[in-house]
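Contents: one structure, followed by commentary.
Bear in mind that the values in this text are calculations on the coordinates, not laboratory data. Since the model is a prediction, treat every value here as computed from it, not as a measurement. Every residue, glycine as well, gets a Cβ built from its backbone with ideal geometry; the counts of neighbours run over all protein chains shown.
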Amino acid sequence: MSVKDTQLFSLLDRELIRQREGIELIASENFTSLAVMQAMGSVATNKYAEGYPGKRYYGGCEIVDEIETLAIDRLKKVFKAGWANVQPHSGAQANTAVFLACLKPGDKILGLDLSMGGHLTHGSPANYSGKNYQAFFYGVDRETGLVDYEQLERVALQEKPKMIICGASAYSRDWDYKRIRAVADQIGALVLADIAHPAGLIATGLLNDPLDHCHIVTSTTHKTLRGPRGGIIMMRNDFDNPYGIKDPKGNIRSMSALLDLAVFPGMQGGPLEHVIAGKAVAFGEILDQSFTAYGRQIIANAQAMAKAFVGKGYQLISNGTDNHLMLIDLRNKNITGKKAQETLDRAHITLNKNAVPFDDKSPFVTSGIRIGVPAVTTRGLKEKEMEVIAALIDEVLMNADDEKTIERTKQTVKELMQNFPLYPELS
Ligand code: DSN
């Protein structure tokens, strides 16, 4: 049976054109390889496989067992991890599974405040993590824009959370995981590093390695890792589990066993084996030497763009970047994050409005924008083009009510991006 759904597929054609013709600067997006997409669009989507390789609740799992084992083995190699789970449907699910394995409802957690660059799942009152657990927060220093490790330590020693969470969705600097672990050890807390954003740069050794210091590490797979949309959980070393449960023989279960149980059956049902197949492809690509060059180019591009914005009088939180993104405070430019995002969208430059630390505007308006370069780096743009993009953004923001500028920029963007083909195989 092959009935072409013209209504749906014409929408996908339009989305392909949108992606091709625009400049994609959302820090959490990327363009996967065609092979990753082929794996996701494969027959593996048809298979139910509740359980884990070799221990499934369904028949006919012998091949998806091999697919999932391949994904796990490759991921362990990428991060030199001792244990990994590739089933979480997303980064949020990965974090939820960690909480389920390690915490009881009402336990205290400590994370970076969402309004300071943190993530919804690190204790925001709007999220399960903030509703089910008692959440406390640390922030960034008002002057430097850097994580306030002294505040983190102060709150940790005072509140004694069971878990300290590090990682962010809008923070442009590297993390001192060793220092956070030292604080956690004073109070017997676990450390969870959520590396969803910089994971690809950590995998290639370009940023500090959290697996050396943090008990558990979670990530998404679709940002700098350039894989399919999904989540993962990893540990380098399994460890004595202070919250261990006893199996029928009275043995304490290892943390890896608890985490596996938390993902399934604790929180999810059948794993998405087609997405796990896509993860296996992506992890294979990361193991290729060329991925390190990609990581280096991401950082070079981000730094070139940051420098260009600073040169035009923009205020970058922490004055620059170590990773793939930058957070810009637009207050001295007299435009809100909301207006900036909406106006740039019309010029086919896609990014997101973002609260800046100590923002005086609501999260729906915001004073800032977040810019990330993983996607444009995948398309082959280099430092020279980063300067061009900064100039285009500046021109649109400084003429946000001028239709001619927006229209002219849209044409310039289209012409620029024609030089960097995206999925030419898809015609
Ligand atoms: N909030 C997403 C982002 O960083 O864009 C991640 O969940």
With a ≥ b ≥ c the root eigenvalues of the C-alpha gyration tensor of region 333-427, is it rounded (a/c under 1.5), prolate (a/b larger than b/c) or oblate? prolate
Mind listing P(r) for region 111-227? All alpha-carbon pairs, 10 Å bins, whole percents. 14, 48, 33, 4
Determine the dipole magnitude for the chain: charges of +1 sit on the beta-carbon of Lys and Arg, -1 on that of Asp and Glu, nothing else is charged, the reference point is the Cα centre, and the result goes in debye to the nearest 20. 300
Given charges at beta-carbon only (K, R positive; D, E negative), |dipole| of region 361-427 in Debye: 220
Looking at ALA39, GLN134, LEU114, which one has the Cα that reaches farthest to the positive end of the dipole of region 1-151 (charges on Cβ: Lys, Arg +1; Asp, Glu -1)? ALA39
By the gyration tensor of its Cα atoms, with a ≥ b ≥ c the square roots of the eigenvalues, what is the shape of region 1-122: rounded for a/c under 1.5, prolate for a/b over b/c, or oblate? oblate
Which order do PHE283, PHE79, PHE358 fall in if you start with the one that has the fewest other Cβ atoms within 10 Å? PHE358, PHE79, PHE283
Please rank ASP260, ASP141, fewest neighbouring Cβ atoms within 10 Å first, as an exposure proxy. ASP141, ASP260
Under 5 Å from the placed amide H of TRP83, counting only residues 5+ away or on other chains, we find MET235
Out of LEU316, LEU103, VAL217, whose Cα points farthest toward the positive end of the dipole of the chain (charges: +1 Lys, Arg; -1 Asp, Glu; placed on Cβ)? LEU103
For region 146-204, build the convex hull from the C-alpha positions and give me its volume per residue in Å³. 83
Tell me the label-point distance for the pair LYS384, ALA182, using the 7 Å Cα-to-Cβ offset, in nm and rounded to one decimal. 4.6
Could you work out the local net charge near TYR138, counting Lys and Arg as +1, Asp and Glu as -1, over the other residues with Cβ closer than 14 Å to its Cβ? -3
Relative packing of peptides 385-391, 184-190 - highest average C-beta neighbours within 10 Å first: 385-391, 184-190
Farthest toward positive dipole pole in the chain [+1 Lys/Arg, -1 Asp/Glu at C-beta], among TYR423, LEU206, ALA170: ALA170
Please list the non-local residues whose amide H lies under 5 Å from the amide H of TYR138, H modeled 1.01 Å from N, same-chain partners needing a gap of 5 or more. GLY111, LEU112, ASP113
Global form of region 105-178, assessed from the alpha-carbon gyration tensor, a/c cut-off 1.5: oblate
May I ask you to list the lysines whose Cα is less than 16 Å away from that of LYS338, ignoring any residue fewer than eight positions away on the same chain? LYS353, LYS361
So what are the radius of gyration and Dmax for the Cα set of region 372-427, in Å? 12.7, 38
How do GLU273, GLU407 rank when sorted from fewest to most other Cβ atoms within 10 Å of their own Cβ? GLU407, GLU273
Normalised by the number of residues in the chain, what is the relative contact order in percent for Cα pairs under 8 Å and 6+ residues apart? 22
Counting C-alpha atoms alone, how compact is region 245-354: give Rg to one decimal and Dmax as a whole number, in angstrom. 22.3, 67
How big, in percent, is the set of alpha carbon pairs in the chain lying more than 36 Å apart? 28
Starting from the amide H of ASP194, placed 1.01 Å from N in the peptide plane, find each other amide H under 5 Å away whose residue is 5 or more places distant or on another chain. CYS166, GLY167, THR218
The chain, helix-only ellipticity at 222 nm - DSSP H runs n ≥ 4, -39,500 (n - 2.57), divided by all residues, nearest 500: -12500 deg cm²/dmol
Roughly how many whole Å is it from the C-alpha centroid of region 201-237 to that of region 383-399? 31
Violations at 21 Å Cα threshold for listed pairs LYS312/LYS384; LYS80/LYS178; LYS108/LYS131; LYS312/LYS382; LYS333/LYS414; LYS312/LYS333 -> LYS333/LYS414
Just to check I understand the Karplus step: with θ = phi - 60° and J = 6.51 cos²θ - 1.76 cosθ + 1.60, what whole-Hz values come out for region 259-274, glycine and proline as x? 5, 4, 5, 5, 5, 9, x, x, 10, 10, x, x, x, 8, 5, 5
Between beta-carbons, use under 12 Å as the cut-off and find the net charge around GLY227, counting Lys and Arg +1, Asp and Glu -1. +4
